[in-house]
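A quick write-up on the structure given underneath.
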Amino acid sequence: MYKKKVEYSDTEIFDYYEPNDPTEYRIIVLDHIGIIDLERGMNKKEAIDKTSEYLAKYLRNRYGFTSIVIQQQNTSGESNDSVKLGRIRPSGAGLADSTYTQKDQNVLFGLFNPYKYSLPEYMGYDIRRLKDHIRFLEVVVNRDGELGGICPLFFDGATCSFFEMPLPDNKAELEKVYKYAESLDKPKKVETTLFSWFKKLNIFKVKTS
């Protein structure tokens, strides 16, 4: 970090920062901002706003850090009225606890789950077959380019993995995804460790007359 002197003063202030390794990515992940500790005298909104400002003003602008901030949506967006009006997709205005954070981000992504709202179909996809295995990633805010783009993703909760879905008009590939999603939800026979051990020891025997 380099400093410079204030004109007509002996005071030194921040000038610029030069990392030891210019090719290194310095990434901070905050999951999620709604559960950060509160500073003395601050409410939750004030603490969130201060954290967001610090990440943007200092760590990003001064030192070149990338911050990935997870923030939930307001539960009011899950009301029956919101569903009827179609206002259920993530938005900057619907951010929980503080909407100020969207001003500090270069890009804001929203992740939408139509199965949560019992939608039978969404954007050409059969949610009845996919159930909880689909998410829609949307560019909500973008300072550096276009916004509003939506990417459908297959979601595997067991491995917390995301994969890009085929487009709705690609029926053949989409059918493969439907069948795979249905196979994941089929009931599987599970034996407890204790029962398996008993069975190996031949403890449980069937009496025959």
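Coordinate-derived values only; no laboratory data. Just so you know, these numbers come straight off a predicted model, no measurement behind them. For neighbour counting, all protein chains shown are included, and Cβ atoms are generated from backbone atoms with ideal geometry for every residue, glycine included.
Shown here are the Rg and Dmax of the Cα trace of region 10-105, at 17.2, 63 Å. Two numbers describe the Cα atoms of region 106-200: Rg and Dmax, which are 17.8, 63 Å. Among the GluC sites (Glu not before Pro) in region 1-70, those placed in a DSSP loop whose Cβ has at most 13 other Cβ atoms within 10 Å are Glu7, Glu24, Glu39.
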